Amino acid sequence: MTSNITLEVFRYNPENDDEPSFQSYAVPCNKDWVILDALNYIKDNLDGTLSFRWSCRMGVCGSCGMMINGTPVLTCAKFLKDYLPGPIRIEPMEHFPVVKDLIIEMSDFVDKLKRVKPYIIRKEEQPLSEGEYLQTPAQLAAYKQYSMCINCMLCYSACPVYGLEPEFLGPAAIALGQRYNLDSRDQGKKEREDVISQDDGIWQCTFVGECSAVCPKDVDPAGAIQRYKVESTTNWWKSVLMPWSDK
Amino acid sequence: MGQFEKYSHDVLIVGGGGAGLRAAIAVAEADPNLNVAVISKVYPMRSHTVAAEGGAAAVIKQDDSMDLHAYDTISGGDWMCDQDAVEAFVREATEEMIQLEHWGCPWSREDNGSIAVRPFGGMKIKRTWFASDKTGFHMLHTLYQTSLKYDPIQRYDEWYVTQLIVEEGKCQGVIAIELATGDIQAIAAKSVIITTGGCGKVFPFTTNANIKTGDGMALAYRAGVPLKDMEFIQYHPTGLPFSGILITEAARAEGGHLVNKDGYRYLQDYDLGTPQPEPVLRSMELGPRDRLSQAFIKEAEKGKALEGEYGHYVNLDIRHLGEKKINSKLPFVRELCLKYENIDPVKEMIPVRPVVHYMMGGIHTDINGATTLPGLYAAGETACVSINGANRLGSNSLTELLVFGARAGKSAAENAKKQAAPKIDHLGYAVAERKRLNDQYLDTKKGDEKLSVIRKEMHKTMEEGAGIYRTEDSLKKSQKVITELRERFKKVSIEDHSLAFNTELIAAIELSNMLEIADTIIHSALNRKESRGSHQRTDYKERDDKKFLAHSLAYSTGEGSPKIDYLPVTITKWPPGERVYGK
């Protein structure tokens with residue numbers, strides 16, 4: 001016998017509602033269901049108007065982030081039964097404008113990602129006929145962790161600086177900038193520095209580490225930011241104290 | 001014109017996954033003056049390429065050759081591959097993969113820094129490049145991030161294409177809904193490339209993501225382009241029983257064993273070789289996917305599978321690989337098992353069963369991605385060139401995205417340069433489409449059929465009638481059900497009448513696409529009275545090269561059932577032979 005669990009879901013339809021409200025749904029607490037399965041149960045059986053994003057249901061596409069009882073999580077990666085007896089409060093990711101129900105506007109992150117130039121920059125390209133660039137396992141390990149970001153933006157929802165300072169590039173974008181800075185094939189660090197160290201937000205980041213705590217892929221954006229701060233401070237001192245050196 | 005000027009492109013790419021992004025970059029590199037746009041119902045990094053795990057095949061090591069890769073692919077496909085296409089594929093694969101390396105893909109490496117390769121099912125030589133076991137994820141993000149470097153590439157993120165615009169016998173653009181606002185626009189283009197991926201969601205139990213509803217196939221099909229080889233559906237032998245989450249073939253390539261309820265490596269009983277402690281190429285657990293999935297069914301029929309809540313299953317045992325190797329080579333397998341199945345593969349066996357994974361068939365294209373409709377191209381899983389024949393080998397599809405994404409991009413760019421800008425009635429199309437969607441889905445007077453009910457019945461009949469083993473009987477039953485469901489679908493009505501992010505409306509259109517695709521799968525399977533690769537008919541057990549060394553082509557007849565025609569397979573230098581594994 002499956003017991004029920006109550007989901008209190010944030011509802012907002014910009015065409016009809018002046019302000020958001022919460023709607024309760026009782027769903028079967030199937031032991032194998034994740035929260036996303038419960039939302040789909042609602043959509044299929046109780047209320048076709050409930051709107052949310054999802055796709056892979058295996059924690060890699062990054063679509064289904066939401067606030068669950070106040071914490072940003074991927075809803076495909078959290079079992080319903082772990083929230084018994086409920087109720088479970090489900091809200092759109094914090095710090096983003098809401099488009100409808102659980103769907104947030106994400107173009108801000110997409111624009112910021114582009115600004116950090118998240119691609120290999122080189123003065124000269126080796127012709128493809130000469131084969132791959134060599135990269136030892138140790139060189140790969142230097143940036144691999146930061147390349148694991150799935151762009152789910154949970155870290156933006158958790159970040160107190162982004163909440164106050166929407167201009168802040170934010171944890172994921174900086175981690176991905178660092179991902180390329182640390183790649184042995186890349187020579188674009190200076191170009192990225194213009195974007196990243198000019199960002200006031202990075203200096204406001206107090207290493208609370210909320211971003212790393214919620215990251216479902218252990219990317220550790222907080223570590224990336226701290227490391228970046230240390231490096232750029234060192235570079236600044238070097239440029240003042242040893243202006244003849246080319247860093 | 002004026003206000004619609006921005007909705008006009010030289011090349012428009014429908015789908016933002018691996019093939020679409022590779023095509024977009026190919027267009028931008030072919031001529032930076034070309035105006036190219038990518039339109040997708042999701043942001044590009046959400047595309048399903050992201051879920052591919054094991055690797056991507058391309059000849060790179062000294063002991064390998066183009067011919068060996070070609071032969072593995074052709075024999076793996078049970079001689080249904082077009083061999084000229086396979087030859088082009090293996091020839092261009094390596095350069096495409098190196099290009100991706102230059103763009104930053106974090107490929108796993110040998111100690112000296114060169115590319116590392118791993119064994120894979122059906123491959124006689126180790127040639128599968130990998131980025132631990134998140135290869136598709138890293139390839140997609142590398143392509144997406146690299147595409148940001150090209151200013152000419154514009155994007156329509158979260159726009160859903162509902163129709164192709166065909167005028168004067170040419171594809172001249174698309175009609176699409178902007179999800180955020182519900183706005184409908186006609187978007188003109190001199191060339192359109194469809195790269196929307198597969199259609200696994202036609203079945204209930206699949207590794208495919210929610211978005212894999214065959215939209216692009218349905219768009220092309222309705223525009224008169226045939227769908228090729230739709231009866232060939234790949235069941236991956238190792239999916240988690242409830243969720244269908246994929247446990248990569250790399251788990252077996254690294255040395256994992258498939259065992260029945262007695263702990264016995266049962267594949268030895270199915271003409272796949274004799275068990276050895278170390279993995280042997282083209283043998284046992286490294287046999288091709290079709291043969292492994294079929295062996296599972298036979299083993300279950302013998303009563304040797306385990307019985308679980310969600311049906312039969314067997315165990316995948318990787319415990320003997322040890323924690324260190326599992327963490328370095330298969331970290332995602334461990335993560336998925338821990339997070340979604342509550343088991344730790346370091347200490348426990350992984351329950352698995354075959355799961356719908358990949359569509360060998362798709363939009364009929366030539367070797368350059370061109371379809372039979374001038375101006376329309378296709379690449380990736382949504383297309384059928386065909387390099388995959390009756391059974392795709394694991395790790396060929398990621399490479400296929402690159403090779404044929406780039407080829408389609410180049411030919412679409414060439415075509416665009418020769419065409420004048422389309423002059424379409426933007427407003428007229430948008431208004432007519434709004435009316436069509438309103439009449440079809442929002443008019444509550446015409447019926448009260450529910451989406452979820454029709455979808456469920458489609459799933460049930462497809463699994464029962466068109467699964468791993470099929471018969472005339474099972475297929476005819478499913479055919480009848482699908483015909484009824486297509487009729488009932490006309491009476492579907494949805495609850496959500498809002499413009500902004502109407503996911504229910506999109507789900508309805510997706511279901512209409514899937515019902516048509518299901519119809520082509522069943523009819524193609526009914527007509528193919530032989531067994532070949534992934535298409536196994538228990539009433540026609542043998543391969544029949546005399547009658548069926550030919551691709552099926554399913555043509556839309558509008559409301560009715562598809563018309564099935566055939567096109568001979570292209571053979572260059574590998575005459576049809578026996579598929580031999582484990583010897």
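The values are calculated or read from the model by the stated rules, or taken from the named source; none is laboratory data. What you see is a predicted model; the values in this text were computed from it and never measured. FYI the Cβ positions are ideal-geometry reconstructions off the backbone, even for glycines, and counts take in every protein chain you see. The protein model used for the area step is the full one, side chains on, heavy atoms only, and it has no ligands, DNA or RNA in it. Shrake-Rupley method; radii C 1.70, N 1.55, O 1.52, S 1.80 Å.
B:Pro351 fails exactly one of the following numbered conditions: (1) in a loop (DSSP other than H, G, I, E, B); (2) more than 19 Å from the chain's Cα centre (by Cα). What is the number of that condition?
(1)
Out of curiosity, is A:Phe96 touching a strand residue (DSSP E or B) at 6+ places or on another chain (Cβ under 6 Å), within 14 Å of chain B (Cβ to nearest Cβ) and among the hydrophobic types (A, V, I, L, M, F, W, C)?
Here the answer is yes, as A:Phe96 does meet what is asked.
Hey, can you tell me all the residues within region A:129-138 that are at the interface with chain B (Cβ under 7 Å from one of its Cβ atoms) and not aliphatic (A, V, I, L, M)?
Scanning region A:129-138 gives A:Gly131, A:Glu132, A:Tyr133, A:Gln135, A:Thr136, A:Pro137.
Output the residues belonging to region B:548-565 that are free of Cβ contacts under 8 Å to residues at least 40 places away in the same chain and touching a strand residue (DSSP E or B) at 6+ places or on another chain (Cβ under 9 Å).
Within region B:548-565, B:Phe548, B:Ala550, B:Thr557, B:Lys563 meet the criteria.
I'd like the full set of residues that are away from chain B (no Cβ under 13 Å), under 30 Å from B:Ala51 (Cα atoms) and assigned to a loop (DSSP other than H, G, I, E, B), limited to region A:1-52.
A:Cys29
Just to be sure I understand the filter: pairs with C-beta atoms under 8 Å, separated by 6 or more residues or on different chains, first member in region A:98-111 and free of Cβ contacts under 8 Å to residues at least 60 places away in the same chain, second member part of a loop (DSSP other than H, G, I, E, B) and surrounded by fewer than 21 Cβ atoms within 10 Å (Cβ to Cβ). Which pairs pass?
A:Ile104/A:Phe96; A:Ile104/A:Pro97; A:Glu105/A:Phe96; A:Glu105/A:Pro97; A:Glu105/B:Ala180; A:Met106/A:Phe96; A:Asp108/A:Phe96; A:Asp108/A:Pro166
Just give me the residues in region A:174-186 being open to solvent by less than 10 Å² (accessible area, probe 1.4 Å) and either more than 11 Å from chain B (Cβ to nearest Cβ) or more than 14 Å from A:Val110 (Cα to Cα) (or both), in sequence order.
Across region A:174-186, the qualifying residues are A:Ile174, A:Ala175, A:Gln178, A:Arg179, A:Tyr180, A:Asp183, A:Arg185.
I'm checking my understanding of the structure. Among residues of region A:190-215 that are within 14 Å of chain B (Cβ to nearest Cβ) and open to solvent by 10 Å² or more (accessible area, probe 1.4 Å), which one is nearest to the chain's Cα centre (by Cα)?
Among residues in region A:190-215 that are within 14 Å of chain B (Cβ to nearest Cβ) and open to solvent by 10 Å² or more (accessible area, probe 1.4 Å), the one nearest to the chain's Cα centre (by Cα) is A:Cys215.
Looking only at region B:331-341, decide whether some residue is touching a residue at least 40 places away in the same chain (Cβ under 8 Å), part of a loop (DSSP other than H, G, I, E, B) and closer than 26 Å to B:Gly467 by Cα.
There is no residue in region B:331-341 that is touching a residue at least 40 places away in the same chain (Cβ under 8 Å), part of a loop (DSSP other than H, G, I, E, B) and closer than 26 Å to B:Gly467 by Cα.
Based on this model, can you work out whether B:Ile424 counts as part of a helix (DSSP H, G or I) and modelled with pLDDT of 95 or more?
no
With respect to B:Val38, determine if the residue is hydrophobic (A, V, I, L, M, F, W, C) and either open to solvent by 10 Å² or more (accessible area, probe 1.4 Å) or farther than 30 Å from B:Lys126 by Cβ (or both).
It is true that B:Val38 is hydrophobic (A, V, I, L, M, F, W, C) and either open to solvent by 10 Å² or more (accessible area, probe 1.4 Å) or farther than 30 Å from B:Lys126 by Cβ (or both).
Which residues, taken from region B:27-48, are within 14 Å of chain A (Cβ to nearest Cβ) and part of a helix (DSSP H, G or I)?
Correct list: B:Ala28, B:Glu29, B:Pro44, B:Met45, B:Arg46, B:His48.
Name, by its number, the condition in (1) in contact with a Phe, Trp or Tyr (Cβ under 7 Å, 6 or more places away or on another chain); (2) open to solvent by 30 Å² or more (accessible area, probe 1.4 Å) that does not hold for A:Asn30.
Status for A:Asn30: all satisfied but (1).
Residues being in a loop (DSSP other than H, G, I, E, B) and basic (Lys, Arg): count how many of those fall in region B:526-575.
5
A quick yes/no check of all residues on (1) within 9 Å of chain A (Cβ to nearest Cβ); (2) crowded, with 24+ Cβ neighbours inside 10 Å; (3) under 14 Å from B:Val59 (Cβ atoms):
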| position | (1), (2), (3) |
| --- | --- |
| B:Glu101 | yes, no, no |
| B:Arg109 | yes, no, no |
| B:Gly122 | no, yes, no |
| B:Thr128 | no, yes, yes |
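Every residue, every condition in (1) within 11 Å of chain A (Cβ to nearest Cβ); (2) surrounded by 24 or more Cβ atoms within 10 Å (Cβ to Cβ); (3) assigned to a helix (DSSP H, G or I), yes or no:
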residue	(1), (2), (3)
B:Asn112	yes, no, no
B:Ile125	no, no, no
B:Leu143	yes, yes, yes
B:Gly173	no, yes, no
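Could you go through region B:76-96 and let me know if any residue there is crowded, with 24+ Cβ neighbours inside 10 Å, in contact with a Phe, Trp or Tyr (Cβ under 7 Å, 6 or more places away or on another chain) and assigned to a helix (DSSP H, G or I).
No, every residue in region B:76-96 fails to be crowded, with 24+ Cβ neighbours inside 10 Å, in contact with a Phe, Trp or Tyr (Cβ under 7 Å, 6 or more places away or on another chain) and assigned to a helix (DSSP H, G or I).
Quick check on this structure: which one of A:Ile35, A:Ile68 is within 20 Å of A:Ala213 (Cβ to Cβ), open to solvent by less than 20 Å² (accessible area, probe 1.4 Å), out of contact with any Leu (no Cβ under 8 Å at 6 or more places or on another chain) and among the β-branched types (Val, Ile, Thr)?
Only one candidate passes the filter, namely A:Ile68.
Kindly provide the set of residues from region B:150-171 that are of a type in the set (A, V, I, L, M, F, W, C) and either at positive phi or open to solvent by less than 40 Å² (accessible area, probe 1.4 Å) (or both), ordered by number.
B:Ile153, B:Trp159, B:Val161, B:Leu164, B:Ile165, B:Cys171
Can you tell me how many residues within region A:104-128 are open to solvent by 60 Å² or more (accessible area, probe 1.4 Å) and more than 8 Å from chain B (Cβ to nearest Cβ)?
The total comes to 6.
What number goes with the only condition from (1) crowded, with 24+ Cβ neighbours inside 10 Å; (2) at negative phi that B:Ser65 does not pass?
(1)
Answer yes or no as to whether B:Val11 is away from chain A (no Cβ under 14 Å), open to solvent by less than 10 Å² (accessible area, probe 1.4 Å) and either in a helix (DSSP H, G or I) or modelled with pLDDT of 95 or more (or both).
Considered against the rule, which asks whether it is away from chain A (no Cβ under 14 Å), open to solvent by less than 10 Å² (accessible area, probe 1.4 Å) and either in a helix (DSSP H, G or I) or modelled with pLDDT of 95 or more (or both), B:Val11 comes out as yes.
Identify all residues within region A:146-161 that are more than 18 Å from A:Ile120 (Cβ to Cβ), modelled with pLDDT of 95 or more and assigned to a helix (DSSP H, G or I); write none if there are none.
A:Leu154, A:Cys155, A:Tyr156, A:Ser157, A:Ala158
Being within 14 Å of another protein chain (Cβ to nearest Cβ) and over 22 Å from A:Leu46 (Cβ atoms) is the filter here; which residues of region B:480-503 pass it?
B:Leu499
From B:Ser524, B:Ser474, B:Ser478, which residue is without any contact (Cβ under 8 Å) to a residue 24 or more places away in the chain and within 24 Å of B:His236 (Cα to Cα)?
Just one listed residue meets the conditions, B:Ser474.
Given the residues A:Tyr143, A:Tyr133, which is the only one that is more than 16 Å from B:Thr146 (Cα to Cα), in contact with an Asp or Glu (Cβ under 6 Å, 6 or more places away or on another chain) and either among the hydrophobic types (A, V, I, L, M, F, W, C) or open to solvent by less than 40 Å² (accessible area, probe 1.4 Å) (or both)?
So the residue among A:Tyr143, A:Tyr133 that is more than 16 Å from B:Thr146 (Cα to Cα), in contact with an Asp or Glu (Cβ under 6 Å, 6 or more places away or on another chain) and either among the hydrophobic types (A, V, I, L, M, F, W, C) or open to solvent by less than 40 Å² (accessible area, probe 1.4 Å) (or both) is A:Tyr143.
Out of B:Leu258, B:Leu272, I need the residue that is part of a loop (DSSP other than H, G, I, E, B) and open to solvent by less than 50 Å² (accessible area, probe 1.4 Å). Which one?
B:Leu272
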